[in-house]
Amino acid sequence: MNVPEAILKEAASVASSLLPEKSSSRYEREYRDFKNWQQKNGVNGVTEDVLLAYMNQLSARFSPNSLWAKWSMLKSFFRNQGKCTNLWLVSDDLWLLAKIVTIFGIFGCCRCDELLSLAMNDVEDMGKYVIVTLRQTKNLTTRRFTIPDDGCSFQPCTFYRKYEPERYTGHCFRRTGATLVVDAGGDILSLKRAGGWKSSEIAMSYVDDSIR
């Protein structure tokens with residue numbers, strides 16, 4: 001994109017005066033406008049091509065100065081998503097797992113190792129709420145907590161269901177890894193070495209429909 005030097009200087013001046021901590025509402029508004037445009041046009045995900053198409057459409061309505069300011073704010077918002085004070089405004093495409101970990105951690109007053117020890121059968125979806133059981137705790141006692149949707153503006157259970165945990169099993173990574181080894185041209189010895197299997201029959205049972 002060929003932008004005149006005067007425009008670059010003015011845009012830099014505008015961007016430098018819009019510090020996220022002092023004007024986060026403007027950054028969030030630009031992000032919401034972008035998400036609305038995505039939804040209207042059936043666009044999923046965020047790539048450079050998507051952003052360029054979005055800015056190209058805005059160019060019909062805004063001056064170059066305003067356009068560059070919007071571009072700067074949007075890029076800054078994406079760059080600083082991890083520092084955003086409102087986690088629930090950022091894209092689920094990138095931050096859904098972070099939202100779920102945050103929900104579990106806060107509702108259960110969890111330690112990091114307690115979150116890491118959670119298994120699929122430790123979480124029960126009861127419809128109106130989710131029950132979580134912590135089996136490995138520092139004081140060696142089982143602890144349970146509930147995550148409800150009622151009374152929460154962002155509906156935490158809905159985020160949990162978006163993750164579709166039923167799609168994952170205890171061996172999903174092991175099975176996927178084995179299939180990728182074979183797809184990449186690995187022989188049975190490479191497969192057994194990668195997964196630590198001694199039996200060729202068991203090793204091959206972890207390979208899903210391979211392209212080879």
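The values are calculated or read from the model by the stated rules, or taken from the named source; none is laboratory data. Being a predicted model, the structure only gives us computed values, none of them experimental. Neighbour counts run over all protein chains shown; Cβ positions are idealised from the backbone, glycine included.
Structure above, values below:
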| item | result |
| --- | --- |
| Residue in the range 96-109 that is hydroxyl-bearing (Ser, Thr, Tyr) and part of a loop (DSSP other than H, G, I, E, B) present | no |
| Close pairs (9 angstrom Cβ cut-off, 6 or more residues apart or separate chains): of a type in the set (Asp, Glu) and at pLDDT 55 or above in the range 13-41, crowded, with 16+ Cβ neighbours inside 10 Å and not in a helix (DSSP H, G or I) anywhere | Glu28/Cys84 |
| In the range 146-156, residue surrounded by the fewest Cβ atoms within 10 Å (Cβ to Cβ) [restricted to those that are more than 14 Å from Thr102 (Cβ to Cβ) and touching a residue at least 12 places away in the same chain (Cβ under 8 Å)] | Asp150 |
| Tally, over the range 110-164, of residues that are part of a loop (DSSP other than H, G, I, E, B), within 21 Å of the chain's Cα centre (by Cα) and among the hydroxyl-bearing types (Ser, Thr, Tyr) | 3 |
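Yes or no, residue by residue, for (1) out of contact with any His (no Cβ under 8 Å at 6 or more places or on another chain); (2) within 30 Å of Asp33 (Cβ to Cβ); (3) surrounded by 14 or more Cβ atoms within 10 Å (Cβ to Cβ):
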| site | (1), (2), (3) |
| --- | --- |
| Leu94 | yes, yes, no |
| Ile103 | yes, yes, yes |
| Gly108 | yes, no, yes |
| Asp113 | yes, no, no |
| Asp125 | yes, no, yes |
